[in-house]
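K.L.:
Below you will find the structure I want to go over with you.
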Amino acid sequence: MEVSTDLRLTDVVDESFCAGVRLGEMVTKNIVSALIFIDIDFMVIDIPAYFAANLIPKNLEALEKHNY
């Protein structure tokens, strides 16, 4: 099995993939899909020293601008 991750909206048929996983809002009308998760909780985990030197992000927008 080969796994590929990408941030772009990949056409799984044109790029010869057998299957793909997308977030619900990224599923287009012409895709045959099945729900594999009902609820997903996200969390940010990091070492205490990192957050001691950097402010803890309060929302997703702040997290996107965070220093990695």
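The values are calculated or read from the model by the stated rules, or taken from the named source; none is laboratory data. Here the structure is a predicted model, which is why all the values come from computation and not from measurement. Cβ atoms come from the backbone with ideal geometry, glycine included; neighbour counts cover every protein chain shown.
K.L.:
Go through the residues of segment 7-21 one by one and say whether even a single one is among the small types (Gly, Ala, Ser), at pLDDT below 75 and part of a loop (DSSP other than H, G, I, E, B).
P.N.:
Step one: list which residues in segment 7-21 are among the small types (Gly, Ala, Ser), which gives 16, 19-20.
Restricting the remaining residues to those that are at pLDDT below 75 gives none.
No: segment 7-21 contains no residue that is among the small types (Gly, Ala, Ser), at pLDDT below 75 and part of a loop (DSSP other than H, G, I, E, B).
K.L.:
Kindly list, by first and then second residue, each pair from a residue in segment 1-17 that is in contact (Cβ under 8 Å) with a residue 60 or more places away in the chain to a residue that is in a loop (DSSP other than H, G, I, E, B) and surrounded by 10 or more Cβ atoms within 10 Å (Cβ to Cβ), limited to pairs with Cβ atoms under 9 Å and residues at least 6 apart or on different chains.
P.N.:
No pair meets every condition.
K.L.:
Might you check whether a residue that is at pLDDT 75 or above, over 22 Å from residue 5 (Cβ atoms) and out of contact with any His (no Cβ under 6 Å at 6 or more places or on another chain) occurs anywhere in segment 33-46?
P.N.:
no
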